[in-house]
Amino acid sequence: METWTREQWEATVKESDVAVYYLYTPMCGTCAVASKMMEVVSVMKPDLPIGKADLNYVQDLAMDYEIESVPCLLIQKDGVVQHKIYAFQSVPYLLEKIS
């Protein structure tokens, strides 16, 4: 999972049928757990475009997508954000939402 800018996210949304953007902050304990879960997801779905960003550096994205808290997972399908996940329940749950 690589770090993306907002521009990279928006380009991926246009190019891919499905893409995932993981938003976090470094001092968030829940984000640390979610990051580990997302690493597992990225290994299990190697062909899926998955990016991450420290929300402190993409604040305008938080405003535009109305991000309420971190961690947050944006899942887009066909150019539209279908899911905004804040509760990273389990890896199987995340995989189900992405599929």
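What are the pairs with Cβ atoms under 6 angstrom where one residue, in segment 86-99, is within 15 Å of TYR22 (Cα to Cα) and the other, located anywhere, is exposed (fewer than 15 other Cβ atoms within 10 Å of the Cβ)? Sequence gap at least six, or different chains.
Matching pairs, first to second residue: TYR86/SER69; VAL91/VAL40; LYS97/HIS83.
Tally up the residues in segment 1-25 that are of a type in the set (A, V, I, L, M) and farther than 10 Å from LYS52 by Cα, please.
Selection size over segment 1-25: 4.
Which residue pairs have Cβ atoms under 6 Å apart, sit 6 or more places apart or on different chains, and have a first residue in segment 34-50 that is modelled with pLDDT of 95 or more and a second that is surrounded by 13 or more Cβ atoms within 10 Å (Cβ to Cβ) and part of a helix (DSSP H, G or I)?
MET37/VAL91; VAL40/VAL91; VAL41/LEU94; PRO49/THR12; ILE50/SER42
Filter segment 1-49 for residues that are in a loop (DSSP other than H, G, I, E, B), surrounded by fewer than 17 Cβ atoms within 10 Å (Cβ to Cβ) and under 11 Å from the mean Cα position of the chain (by Cα) and give the result.
Of everything in segment 1-49, just one residue is in a loop (DSSP other than H, G, I, E, B), surrounded by fewer than 17 Cβ atoms within 10 Å (Cβ to Cβ) and under 11 Å from the mean Cα position of the chain (by Cα), namely MET1.
Suppose we filter segment 71-85 for residues that are in contact with an Asp or Glu (Cβ under 9 Å, 6 or more places away or on another chain) and more than 16 Å from SER16 (Cα to Cα); how many remain?
The qualifying residues number 1.
So, in segment 50-86, how many residues would count as being hydrophobic (A, V, I, L, M, F, W, C), over 12 Å from the mean Cα position of the chain (by Cα) and loosely packed, with under 15 Cβ neighbours inside 10 Å?
2
Can you tell me which condition ALA19 does not meet? The list is (1) in contact with a Gly (Cβ under 9 Å, 6 or more places away or on another chain); (2) without any contact (Cβ under 8 Å) to a residue 24 or more places away in the chain, and all the others hold.
Checking ALA19 against (1) in contact with a Gly (Cβ under 9 Å, 6 or more places away or on another chain); (2) without any contact (Cβ under 8 Å) to a residue 24 or more places away in the chain, the one that fails is (2).
The values are calculated or read from the model by the stated rules, or taken from the named source; none is laboratory data. What you are looking at is a predicted structure, and each value in this text was computed from that prediction instead of being measured. When we count neighbours, we look across all protein chains shown, and the Cβ atoms used for this are built from the backbone with ideal geometry, even at glycine.
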